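S.K.: Have a look at the structure that comes next, please.
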Amino acid sequence: MQIHFNDLFSQYRELQVEIDAAIKKTIENSDFVRGDEINRFEKAFSSKTGSLNCISCANGTDALRIAMYALGMPPESEVIVPAHTWISTAAMVTEAGGVPVFCDTMENDFIINHELIADLITPKTVGIIPVHLYGQPSDMVNIMNIAKKFGLWVIEDCAQAHFAKIKDKQVGQFGHAATYSFYPGKNLGAMGDGGAITTNDPEIAIKMRRFANHGGLVKGEHLIQGINSRLDTIQAAILRIKLSSVDEWHEKRRSVASLYSKALNGLCEIILPCERPGTSHAWHLYVIKTKRREALREYLSENGIPTLVNYPTALPLLPCFPETNMQHRLFQKAYANQDKILSLPMHPYLTVEMTQYITNHIHQFFEKE
Ligand SMILES: *Cc1c(COP(=O)(O)O)cnc(C)c1O
């Protein structure tokens, strides 16, 4: 049986006619930068996320950088970020002139532990960037209460959680801005790089547009020194087509997760990911935990089942963050999780037979001892 970790080819096959036509049309119009497709995608994405403004940009990393510029980063500002996430979240704080302050994550939910945030706040703290890691919504109600109390901004990093919800409200609608990545493997992915920021504040939106576009809204205007971060027009056309299928893909991911959880429930050697009460998980990744991760990973690989580790090292322990490096005791959960987490294949094209094949092999691995 052929199992892919993610299956972008099947996704292409599903929408091939529309995608090919959209690419052709963009090329024939020589519409490579900006243009109508960009406006149409931004409108479609803001309406789908329930946001008043969408600013497209080159990738999810730039989206963080642009959002931080617009929300304010005086020199040496401190920004609180989770200790275990994709590198961009923290590296962009440094890039924006600030200092990332790491907060430990939750043992089984993987998201930032909001109870630890208040103790990390100093007079230099300007913001918090919760990450809805693997598609699991962070505790936005509590985080927004803390932010309000201390006068901080909040950027929700939604790169892994397109259309996840807390009660009936989508993630990205709690903070002052939300950032998205359309990296091909994300729940809504382009055929190359792409990103966006959403915000309900019109002034912040204009600041973001200026910063991402050489400091001006129109050609020749340079009110500030900005950067050049654009979504390619071809990618916008592709994304707008894919946007109409994301609800269906979301449901399929949810059913794969539920098949996994049903089949693996009761296996005491592994801890299963869970959906926090009152939330709807986007299941970008289905991440189990086991002390025997490396051996299980090898066994699955021998049987044609690809897995990943997202991410092998908690950020404070990486050599690129020297000030915080090696302080294991401060990031106990993140540090404990990094050696146990294992991401199983996750995409909308996994069939019942495929998930059974995967879960049967996990059972066999633990039974063969
Ligand atoms: C993918 C990702 C990003 C960065 O997105 P790119 O488009 O790859 O730059 C940022 N944060 C998180 C949590 C991500 O998963």
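Just so it is clear, none of the values below were taken in a lab; they were calculated from the coordinates. Quick caveat, the model's predicted, so the values are computed rather than measured. When we count neighbours, we look across all protein chains shown, and the Cβ atoms used for this are built from the backbone with ideal geometry, even at glycine.
S.K.: Can you sort Arg13, Arg209 by how many other beta carbons sit within 10 Å, fewest first? Spell out each step's value before the answer.
M.R.: Numbers: Arg13 12, Arg209 19.
Placing the least packed residue first, the sequence is Arg13, Arg209.
S.K.: Okay, moving on. What residues have an amide H closer than 5 Å to that of Tyr286, excluding those fewer than 5 places away on the same chain, when H is modeled at 1.01 Å from N in the peptide plane?
M.R.: Those qualifying (amide H under 5 Å, at least 5 residues apart or on another chain) are Leu344.
S.K.: Any idea what the dipole of segment 257-369 comes to, in debye rounded to 20, about its Cα centre with Lys/Arg Cβ at +1 and Asp/Glu Cβ at -1? Present the calculation step by step, with values, prior to reporting the outcome.
M.R.: On the way: 11 positive and 10 negative charges, 68 e Å.
Its charge dipole is roughly 320 debye.
S.K.: Hey, rough spin-label estimate for Asp339 and Lys149, points 7 angstrom out along Cα→Cβ, what's it come to in nanometres?
M.R.: Modelled inter-label distance: 3.5 nm.
S.K.: Okay, moving on. Antiparallel versus total DSSP beta bridges in the chain: what percent is that, nearest 5? Intermediate values should be presented prior to the final figure.
M.R.: Numbers: 23 of 37 bridges.
Roughly 60 percent of the DSSP beta bridges within the chain come out antiparallel.
S.K.: A follow-up question, please. With the dipole of segment 1-142 worked out from charges on the C-beta (+1 for Lys and Arg, -1 for Asp and Glu) around the Cα centre, which of Gly60, Gly135, Tyr12 lies farthest toward the positive end?
M.R.: Tyr12
S.K.: Moving on to the next point. Going by how many other beta carbons lie within 10 Å of each one, how would you line up Thr351, Thr85, fewest first?
M.R.: Numbers: Thr351 12, Thr85 28.
Starting with the residue having the fewest Cβ neighbours, the order is Thr351, Thr85.
S.K.: Across segment 349-365, in residue order, what do the Karplus-derived ³J(HN,Hα) couplings come to in whole Hz, using 6.51 cos²θ - 1.76 cosθ + 1.60 with θ = phi - 60° and x for Gly and Pro?
M.R.: My calculation for segment 349-365 gives 9, 6, 8, 4, 4, 5, 5, 5, 4, 5, 5, 4, 5, 5, 4, 4, 4 Hz in order.
S.K.: Using amide H atoms built 1.01 Å from N in the peptide plane, name the residues 5+ places from Thr279, or on other chains, whose amide H lies under 5 Å from its own.
M.R.: So Thr279 has HN proximity to Lys167.
S.K.: Moving on to the next point. Provide the per-residue ³J(HN,Hα) series for segment 9-20, in order, calculated from phi with Karplus coefficients 6.51, -1.76, 1.60 and θ = phi - 60°, each as a whole number of Hz, with x at glycine and proline positions.
M.R.: Couplings: 5, 4, 5, 5, 4, 4, 10, 3, 4, 5, 5, 4 Hz.
S.K.: Quick check: pseudo-label points 7 Å beyond the Cα along Cα→Cβ at Glu323 and Ile224, how many nm apart are they?
M.R.: Distance between the two pseudo-spin positions: 2.3 nm.
S.K.: Another question, then. Is the shape of the chain best called rounded, prolate or oblate, per the rule: a/c under 1.5 gives rounded, else a/b larger than b/c gives prolate, else oblate, with a ≥ b ≥ c the square roots of the Cα gyration tensor eigenvalues?
M.R.: Details: a/c = 1.99, a/b = 1.19, b/c = 1.68.
Oblate, since a/c reaches 1.5 and b/c is not below a/b.
S.K.: From the square roots a ≥ b ≥ c of the eigenvalues of the alpha-carbon gyration tensor of segment 36-82, which class results: rounded (a/c under 1.5), prolate (a/b over b/c), or oblate?
M.R.: Working: a/c = 2.72, a/b = 2.30, b/c = 1.18.
Cα axes put segment 36-82 in the prolate bin.
S.K.: Could you work out how much longer the chain between Glu18 and Thr313 gets when fully extended? Use 0.36 nm per residue separation minus the Cα distance between them, nm to one decimal. Write out the running numbers ahead of the final one.
M.R.: Numbers: separation 295, 0.36 × 295 = 106.20 nm, distance 4.01 nm.
Answer, rounded to one decimal: 102.2 nm.
S.K.: A further question follows. Between rounded, prolate and oblate, where does segment 231-369 land on the alpha carbon gyration tensor, with a ≥ b ≥ c its root eigenvalues, rounded for a/c under 1.5, else prolate if a/b exceeds b/c? Intermediate results must be reported in sequence, preceding the final value.
M.R.: Values: a/c = 1.85, a/b = 1.10, b/c = 1.69.
Oblate, because a/c is 1.5 or more while a/b does not exceed b/c.
S.K.: What are the ³J(HN,Hα) couplings of segment 287-296, residue after residue, when phi is run through the Karplus curve with 6.51, -1.76, 1.60 and θ = phi - 60°? Round to Hz, x for glycine and proline.
M.R.: Using θ = phi - 60°, the values come out as 10, 9, 10, 8, 5, 9, 3, 4, 5, 5 Hz.
S.K.: With no solvent and one equal point scatterer placed on each C-alpha of segment 169-309, evaluate the Debye formula and give log10 I(q)/I(0) for q = 0.12, 0.17, 0.18 Å⁻¹, two decimals.
M.R.: -0.72, -1.09, -1.16
S.K.: To make sure I understand, if each residue's beta carbon is the centre and we count other beta carbons within 10 Å, what order do Glu275, Glu37, Glu323 fall in, fewest to most?
M.R.: Values: Glu275 18, Glu37 23, Glu323 8.
Ascending Cβ contact count within 10 Å gives the list Glu323, Glu275, Glu37.
S.K.: Which value, in debye to the nearest 20, gives the size of the charge dipole of the chain about its Cα centre, when Lys and Arg are +1 and Asp and Glu are -1 at the Cβ? Write down the numbers at each step before the final one.
M.R.: Numbers: 36 positive and 40 negative charges, 85 e Å.
Dipole of the chain, to the nearest 20 debye: 400 debye.
S.K.: Which value in nm describes the separation of the simple spin-label points at Ile206 and Glu298, placed 7 Å from the Cα toward the beta carbon?
M.R.: Using points 7 Å along Cα→Cβ, the separation is 6.1 nm.
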